[in-house]
1. Taking the range 253-287 as the search range and keeping residues that are part of a loop (DSSP other than H, G, I, E, B) and surrounded by 19 or more Cβ atoms within 10 Å (Cβ to Cβ), which one is farthest from the chain's Cα centre (by Cα)?
2. Considering only the range 449-462, how many residues are out of contact with any helix residue (DSSP H, G or I) (no Cβ under 6 Å at 6 or more places or on another chain) and either of a type in the set (Asp, Glu) or surrounded by 15 or more Cβ atoms within 10 Å (Cβ to Cβ) (or both)?
3. Is it true that ALA381 is closer than 30 Å to VAL293 by Cβ, crowded, with 19+ Cβ neighbours inside 10 Å and out of contact with any strand residue (DSSP E or B) (no Cβ under 8 Å at 6 or more places or on another chain)?
4. Looking at the range 68-76, is at least one residue assigned by TED's automatic domain parsing to the domain that holds VAL211, among the hydrophobic types (A, V, I, L, M, F, W, C), closer than 27 Å to ALA349 by Cβ and buried (at least 17 other Cβ atoms within 10 Å of the Cβ)?
5. In the range 206-229, what residues are over 23 Å from LEU378 (Cα atoms) and in a loop (DSSP other than H, G, I, E, B)?
6. Confirm whether TYR550 is at pLDDT 95 or above, part of a loop (DSSP other than H, G, I, E, B) and of a type outside the set (Val, Ile, Thr).
7. Within the range 228-246, take every residue that is more than 21 Å from GLY133 (Cα to Cα) and of a type in the set (Gly, Ala, Ser) and give me the one that is surrounded by the fewest Cβ atoms within 10 Å (Cβ to Cβ).
8. If you go through the range 527-551, how many residues are surrounded by fewer than 17 Cβ atoms within 10 Å (Cβ to Cβ) and either in contact with a Lys or Arg (Cβ under 9 Å, 6 or more places away or on another chain) or closer than 25 Å to THR355 by Cα (or both)?
Amino acid sequence: MKKIFYAIFTLLLLALDSAPAWADDLRPPLLLTGSLQRDNQELSGAWTYSKDLYRTGLTDINGWVAKSRMQRYRDVNVAQEEAKGGAGFFEFDMDRGPVMTIPGAWNAAQPELRYYDGLMWFQRKFTPRELKGGRAFLRFEAVNYRAYIYLNGKEVGRHEGGFTPFVVEVSGALRDGENRLTVGVDSLHDAQTIPTQITDWDLYGGITRPVRLIYTPATFIDDATLHLERDGRIAGALQLNGPNAGGQTVTVKIGNLASASVTTDAQGRAAISLPAPRGLQRWSPDSPTLYDVQFAANGDVLRDRIGFRTIAVRGSQILLNDKPIFLRGVSMHEEEFGPNPARNMTEQAARALLTEIKHNLHGNYVRLSHYPHSETTLRLADEMGLLVWSEIPVYWTVDWDNPAVLRKALSMQAETVYRDRNRASVILWSVGNETPVSAPRTRFHAAMAANVRALDPTRLISAALLVERHKTGNEDVTTIQDPLLDQLDVLAVNTYAGWYGDDALADLPGMKWDLPKDRPLILSEFGADALAGYRDAGMKKFTEEYQAEYYRNTLAMAARIPTLAGMSPWVLKDFRSPRREHPLLQNGWNRKGLLSETGVRKQAFGVLADFYLHMGGKTGQ
């Protein structure tokens, strides 16, 4: 069986030699790019729910079909049926179930759900508008982790992956009057999921981002993208979906600066290319200029706000708009401020986090760890002027030899790229975090790197790698011994010397590094825990004083790395982690935040803010 796995795996890798075909194969059937600007019906709000820990709503014992009295997705009024009497009965009632606010992880909804991990059913009733020859689609921005979608008792779609959007057409499934939407959400992770069941962050569960019913014409613009090429031209593509997709004239307008017309081919596709208009202002952290871009075809209009910039590497430098830039950043998890985060990333919640980075840390960059963050966050990064590292949760380890797991990773990558291609803020796609070196793992990551290059050759590729220490003479030297280096545009390492291990803080500034000199390096993680308000002049671990001194000495070490082009210390704020259970210091929180979970600044926040303020005056942008 293992030989068969390797054979299939090899075929998958060989398929990468025909990159465009591979990329097309991974394209989701429906994208609805720019759907936030489309005619839509908001379905967020109050939903009823029903726990299903033993999964009886999906299957019975031995994998048999679930008994009808357990099938929570049925289009039935249980109260009315019970009133009729008879031999039958029900072991659910979605209409009279408890209520939860969607979006938001169920872990924050009720104390008894804090560590619930399994299947949960949600229901929302709604009355759609009349379609009048148009079409209707359900768009879920994220459901963690597996989703089973039923409309009026019939399955209309499934999705796996907790952080990317998916679209289900329901034009023919809607009925006049009230409709019953039921979603089964399975948060359970295992060895074949991405990520697996073991992480150092809370996996949460639920419908964690908004749900909308999107209305379109019969033929509509499913996807449209524009970017600035290094040669100064603006390039992009557009895809129509519908019976009249072929041979249509498409007009593109970039604010009041430029316009162009193209014609779709028989499949509804059209390439876009035009000279950059005179007066075009390039997007940068100092000047995050966005243009109102409009695509119009066959009576449909799609609007977006797009910034135009270039990103490249030259030797050990990262070039934004052909000028060197140092990435002054921090890593961030998708958790809002507060003692009981629900991963409900409203605009207000996302802006509060990004404001701390942009204005209070004097940053120009954020590493969005360890999964695709919400579209709200990415659009705010565009607006506020923060460069972004984006990654999918290939974290620590997955089933490297399993071609089905590789396929999941490539699909998640594709869903992320297709969602965020128009975000000027995104400059780095990461293909992994702290994955132990082995031949199967390196093949897996190489496939990911080839995949993302095929999908989006306009951005840079990196990965957060592990480092090794070796004796060279009488000195300890830190190196990267990883064959994945050949696949990366930008090198990145996570280092925790001074927190994990036996290194004394005073030894950090003198640490020796032996790194490739031909590419830029990012310190993608470094950090130390501190409980906000815990003070001790004796520099005990977990005190604010220790964390602050750790930052001073690590920054002194970083200043001696000649190829260093950026950093994203770990982490902006304390975040939930079931691994961290010291009853006095952690209580289920990773305490490496520069801010507490409620936003209290620790001493190290000021250390990093002063460092970035000084750097910003020297490096610009």
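1. Here is the first cut: in the range 253-287, the ones part of a loop (DSSP other than H, G, I, E, B) are 255-257, 264-268, 276-287.
Then keep just the ones that are surrounded by 19 or more Cβ atoms within 10 Å (Cβ to Cβ); that gives 264, 268, 283-285.
Working: THR264: 31, GLY268: 29, TRP283: 22, SER284: 22, PRO285: 21 Å.
The extreme case among them is THR264.
2. Of the residues in that region, 6 qualify.
3. The answer is no for ALA381.
4. Within the range 68-76 (the criterion being assigned by TED's automatic domain parsing to the domain that holds VAL211, among the hydrophobic types (A, V, I, L, M, F, W, C), closer than 27 Å to ALA349 by Cβ and buried (at least 17 other Cβ atoms within 10 Å of the Cβ)), the answer is no, since none of the residues qualifies.
5. Here is the first cut: in the range 206-229, the residues over 23 Å from LEU378 (Cα atoms) are 215-220.
Matches in the range 206-229: PRO217, ALA218, THR219.
6. Spelling it out, it is not the case that TYR550 is at pLDDT 95 or above, part of a loop (DSSP other than H, G, I, E, B) and of a type outside the set (Val, Ile, Thr).
7. We begin by selecting, within the range 228-246, every residue more than 21 Å from GLY133 (Cα to Cα); these are 228-238.
In the following step, the residues that additionally are of a type in the set (Gly, Ala, Ser) were identified as 232, 235-237.
Values: GLY232: 10, ALA235: 15, GLY236: 22, ALA237: 15.
Taking the candidates together, the pick is GLY232.
8. So the first thing to find is which residues in the range 527-551 are surrounded by fewer than 17 Cβ atoms within 10 Å (Cβ to Cβ), and the list is 533, 535-541.
Subsequent filtering for residues that are either in contact with a Lys or Arg (Cβ under 9 Å, 6 or more places away or on another chain) or closer than 25 Å to THR355 by Cα (or both) retains 533.
Counting residues in the range 527-551 that are surrounded by fewer than 17 Cβ atoms within 10 Å (Cβ to Cβ) and either in contact with a Lys or Arg (Cβ under 9 Å, 6 or more places away or on another chain) or closer than 25 Å to THR355 by Cα (or both) gives 1.
The values are calculated or read from the model by the stated rules, or taken from the named source; none is laboratory data. This structure is a prediction, so every number in the text was calculated from the model and none was measured. Neighbour counts run over all protein chains shown; Cβ positions are idealised from the backbone, glycine included.
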